[in-house]
Amino acid sequence: MLNRSEIKLGARAAVWQRPLGPALAVLLARLPGIVLGVSAYSIVRYLIAGRVDLHSFFVGLLALCVSLFVTLPLNVSLAGYFIALVSGSPQRVPSLLAIFSDMAQYRHAYFAGLSVFARQAVWCGLAFLPCALSHVLRAAHAAPPPALNALWLAGAVLFLSTIVLCALRYAFAAHFAWEYTYLTASEAVDMSVAATRGRMSELLLLLASFLPWLLLCVATAGLASLWVLPYLDATLAAYYLILKRQEGIRLPTPKEYTDV
């Protein structure tokens, strides 16, 4: 059982030593992700509502594609930044962008991130089917409203649970992809699944301990996130390093980038 207090204390100390750098790093890496989230939401909203607005749909689709090519590699680079930070070897914020100057490294990071994104999309899509089915049945008046409400509620619970489960299972895919560049995209994701197996409740409790901080972010209109998000990323990096050392995780045989 890992000591959550010690992990968070070490992460806080690492971030507080130079708070501006981690804040700028998170802002640089997460900003394209905001575009990604808004774009994905826009596309899904139009598909579910059945409204035909080709201009908005294709603008959202274009923003989604562009942000994917930027966000996914930056997520891996950000994981490397915080691994270095909690290890006592902090990097400069511009080093996050170095991943775009090395095509092999960029391709490796992009496909690792894309593998996580695709798996999350598949699992969340399957979990969303009960909600979609309730919407279809309601439109066709094929079932009584109480049954449809129960179906929708069950689907919503399943969907939210799947989001949390995916977040836990794939929490360290970017960390493995950054540290072990010879891993293929699928292997990096599989390593995260293997590392978190049997530790899901422990990791969930660690993340749940940040709920008061996240509420503070909401209360301050997101201003506190400049401290909270670096703190969270540093805690995950510290947890990853301790977990990897304690578990003695075995890595696959080295492979070339061309295997991605």
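Some notes on this structure:
- If the segment from Ala224 to Ala150 were pulled out straight at 0.36 nm per residue, it would be longer than the present Cα-Cα gap by 22.9 nm.
- Length added when fully stretched, Arg12-Leu27, from 0.36 nm per residue minus Cα-Cα: 3.6 nm
- Order of Glu202, Glu6 under a 10 Å beta carbon neighbour criterion, fewest first: Glu6, Glu202
- Gained length - Tyr180 relative to Ala194, 0.36 nm times residue gap less alpha-carbon distance: 3.5 nm
- Percent of alpha-carbon pairs separated by more than 27 Å within the stretch 117-258: 41
- Using a Förster distance of 22 Å, the FRET efficiency for Asn3-Ser201 (Cβ separation, nearest 0.05): 0.90
- Residues Tyr106, Tyr180 arranged by fewest to most Cβ contacts within 10 Å: Tyr180, Tyr106
Every number in this text was worked out from the coordinates using simple rules, so none of it is lab data. Everything numeric here is computed off the predicted structure, so don't read it as measured data. Here the Cβ is made from the backbone with ideal geometry for all residues, glycine too, and neighbour counts use every protein chain on show.
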